[in-house]
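Notes follow once the structure below has been shown.
Nothing in this text is a laboratory measurement; each read-out follows from the coordinates by a stated rule. Predicted model only: the values in this text are computed from it and were never measured. All Cβ positions, glycine included, derive from the backbone under ideal geometry; neighbour counts span all protein chains shown.
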Amino acid sequence: MQRRDFLKYLAGGLVLTWGAIVGIPILKYLKKPAEKEAAVTEVLVAVKDELQPGQSKTFKFGKRPGLLIRGEDGVYEAFDSTCTHLGCISQHRPEKRDIYCACHGGVYDLKGGNVSGPPPRPLEKLIAKTTSSGDVMVMKG
Amino acid sequence: MKPQDTPSALEQWLDERFKISFLKKWLGKKEVPQHNQSMWYYFGGVALFFLVVQIITGLLLLVYYQPGLETSHTSVKFITEVVEYGWLVRSLHSWAANMMVAALFIHMFSAFFMKAFRAPREFTWLTGVLLFVITLGLGFSGYLLPWDELSYFATKIGIQIMQATPIIGGFMADLLRGGPEVGGATISRFFELHIILLPAALMGLLVNHLLMVQVHGMSKPYSYANRPVKHQKSISFMGEFLYHDLIIWSVLMGVLLFISWNFPWGLGEQADPFKPAPVGIKPEWYFMFMFQTLKQLPAHIGPFEGEVVGIMAFAVGGILWALVPFYENINKTVSKVVQWIGVFIVAFIIVMTAWGYMEEPEAPLTSATIGVPTSVADTSATQELFQQSCAACHSIGKGALAGPDLKGITDTRDREQLANFIVNPAGSKMPVLPGIDKSKALELLDYIEKTSHPEKATEAQVEAPKAILTPSRVSPETIENGRKLFLGIKPFAKGGAACISCHSAGSATQFGGGSLGMDLSGVYQRFGGRPSLEAWLASIPSPTMQPIYKNQPLQKEEVDAMVAFFEELSTQSSPTTKSVVKPPAPGDELFSKKSSFFILGLLGMFSILGIFSMVYNNRLQGVRKPLIKEALEKNAVNKGDTP
């Protein structure tokens, strides 16, 4: 190896080192520090008889969107309303009795199952519980 | 011919498209004269280097900075306290800004005294002066953006001075402030200036400035230009000069890092438009000489206001300074006079700046001067109204709580304006008081005025505001209870959200708290102690928090526990009024990181030097060639024939 080549490799290596010295702190700087939040495990979504059969309500489950539907049989169903296709938020369509995502036309039935359109999976289910006083609590499934 | 001089296929391909060989040839021809004063040629490059640092660190700061009345200070605090290396990036940005201004001062004055502005370089000078002004504008606008106490008042004063300019002053001031007062609109405007307008103008002018330096070549002082050609030594601009530049830049990078690391730029308390200006407030050092000059002027000079005369003098002086190439060379006398005026200006700036910094600030306020309690026995409805609506955040003469102390506010501010503010406090932290109207506001002002000036305030009544800060006796269980309530481990009885959802509290939460609300570790001091913090928590008047806690108020024992917890926190952190953010001190675990950081930095510096000595391995040709030529010529003369 000639001296010239040796120096070339040495210089290249040093440039990489220098780049890392400047680059790594910059990358670390750019990474936003995580904001810890108290993990939500349970949310009071509706009080007794707030929803009539066939009605629904959206709610916040921590940082995620939730959808509470009272079926015509009076039973509550709760979902994470994030569409399983590309993460839009789906909505309840009482007149069509389905859950619909407006972004790409994904349709779920009222139990969260994917019926038509692009969604690959059913909506993520949450557990809706009726307390002794008749209020509806939603918790992680 | 050396092997690397034959262009590779890639180089040829690029050359056909970008005419690199033409550029190389053009730039390669440029030479930098070598003489006693050559060192001054480097300061333009130094300023350029700092500009690059400013652009890079500025772009990084923009990632987290959020302009706005509520967010400016919080986001800068977030950068300096939470983001990794954030304090360093901000410190570099602030320090490099100052060094850039300093380098420009030197660059400009050296160009002036070397008469580099003479024909044909008039416009190089003119663009240079404009670039200097723009840089000062960047300094001024950037100073406001963290929205802390100092920056707020510096901006207020700066714009006030501008306002004194005849004819255009009022218009300009309103344009900059976006209204009659420095506030949220001002932040937006300064942000736009600092991020878009001024940098764009700077870039345009800079390209022009640098292009002109290339077109005209370096200016040569007369003593040099008058030498016989063979004594006019020079080095090549793209070779040795650039190589020197790189060495200088590497060293400056080291210096800048060292200073930024060891003397991190502080961040003061969030600006509060109703707080009195901090004692010893000073402008940035590069504005000091103007500030000091205006301060020395008498109130009236002839029929004019002293300040107006001063500002006009500076304006006219600045214009004459910018236009100096157009009249300096008329004849020898003018040229000499201009030279001496230049000397005078430098001396003036130095003396005025030093004077400004040597002046002692007035003695700071002591507890005795601010702690005059109210002895007026006023049991009227107004007092009750004050207790209900104002006392949670304000005191009269007992020091600042969440809001400023209102003692004597009616003496320093217009009653009408104050009353309007109370009725409609839009744009401030103050909530709209329930059921307030103008007449009630005026009654409140009467009450504040009366309470501010008790007929007799004897020494015996003087009570230091610190008295309320004496630690009260609470059991450790209560504190622990408060901690649990804060962290949400234990829910509030009425179901209000736990504090941690929106707030952090220094060491108690580490980085785990929310960042929607402020950090509460110093809240005990800010409120001036137990009574007002208790009152505040019991009613929670903040407009953001009210909807959350209105129907779910804190219970009495919960308030007690929270206050105990905050009090405990305050004994741990005990922030002072100047909360200067510092990185961990040497001695803790960062120290080892720090030294390795510097070793790596040194390695990097040498690597860059190494590379350029190889890239420019024929850099000495600029010197060697003339030497050989000279020697050959000598030979030829000696031998009497041509080589």
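Compared with the dominant principal axis of the Cα atoms in chain A, helix A:3-30 is inclined by about 30°. Residues whose amide H comes within less than 5 Å of that of B:Glu181, counting only those at least five positions distant or on another chain, are absent (H built at 1.01 Å from N in the peptide plane).
Please arrange B:Thr353, B:Thr80 by counting, for each residue, the other beta carbons lying within 10 Å of its beta carbon, fewest first. The partial results should precede the final answer.
Working: B:Thr353 18, B:Thr80 23.
By the 10 Å Cβ count, ascending: B:Thr353, B:Thr80.
What you get for the range B:204-322, charging only the Cβ of Lys and Arg (+1) and of Asp and Glu (-1), is a dipole of about 620 debye around the Cα centre.
Could you work out the local net charge near A:Leu44, counting Lys and Arg as +1, Asp and Glu as -1, over the other residues with Cβ closer than 14 Å to its Cβ?
Within the 14 Å Cβ shell, the charges total +2.
Both radii were evaluated on the Cα set of chain A; the Rg over Rh quotient, with Rh as the Kirkwood radius, amounts to 1.39.
Starting from the Cα-Cα distance between B:Leu175 and B:Ser188, subtract it from 0.36 nm times their residue separation and give me the gain in nm to one decimal.
On the way: separation 13, 0.36 × 13 = 4.68 nm, distance 1.17 nm.
Stretched fully, the B:Leu175-B:Ser188 segment lengthens by 3.5 nm.
Put in order of Cβ neighbour count within 10 Å, fewest first, the listed residues A:Tyr76, B:Tyr447 become A:Tyr76, B:Tyr447.
Within 10 Å of the Cβ of each residue in A:2-14, the mean number of Cβ atoms contributed by other protein chains is 3.
What ranking do A:42-54, B:261-273, A:88-100 get when scored by the average of other Cβ atoms within 10 Å per residue, highest first? Write down the numbers at each step before the final one.
Values: A:42-54: 14.4, B:261-273: 17.9, A:88-100: 16.1.
Packing order, densest peptide first, comes out as B:261-273, A:88-100, A:42-54.
Think of each Lys and Arg Cβ as +1 and each Asp and Glu Cβ as -1; about the Cα centre, that makes the dipole of the range B:42-136 roughly 420 debye.
Using Cβ contacts closer than 10 Å as the measure, can you line up B:Tyr327, B:Tyr64 from fewest to most?
On the way: B:Tyr327 11, B:Tyr64 19.
Ordered from fewest to most neighbouring Cβ atoms within 10 Å, B:Tyr327, B:Tyr64 come out as B:Tyr327, B:Tyr64.
The rule of thumb for compact globular proteins, 2.2 N^0.38 Å, goes into the C-alpha radius of gyration of the range B:165-297 1.63 times.
Among the residues of B:77-85, the average count of other protein chain beta-carbon atoms within 10 Å of the residue beta-carbon is 3.
Highest first, please rank the peptides A:119-130, B:41-52 by the mean number of other Cβ atoms sitting within 10 Å of their residues.
The peptides rank, most packed first, as B:41-52, A:119-130.
Let me check I've understood the local charge: for B:Ala164, count other residues with C-beta under 11 angstrom from its C-beta, Lys and Arg +1, Asp and Glu -1. What total comes out?
Details: positive: none; negative: B:Glu305, B:Glu307.
Here the count lands on -2.
Each label point was placed 7 Å from the Cα along the Cα-to-Cβ direction; for B:Trp355 and A:Leu86 their separation is 6.8 nm. Of the three principal axes defined by the Cα atoms of the range B:154-234, the extents in descending order read 65, 26, 22 Å. Counting Cβ atoms of other protein chains within 10 Å of each Cβ in B:604-611 and taking the mean gives 6.
If you place +1 on the Cβ of every Lys and Arg, -1 on the Cβ of every Asp and Glu, and leave all else neutral, what size is the dipole of the range A:47-111 about its Cα centre, to the nearest 20 Debye? Provide the component values of the computation, followed by the final result.
On the way: 10 positive and 9 negative charges, 58 e Å.
Rounded to the nearest 20 debye, it is 280 debye.
Among B:286-298, B:86-98, sorting by the average number of other beta carbon atoms lying within 10 angstrom of each residue, highest first, gives B:86-98, B:286-298.
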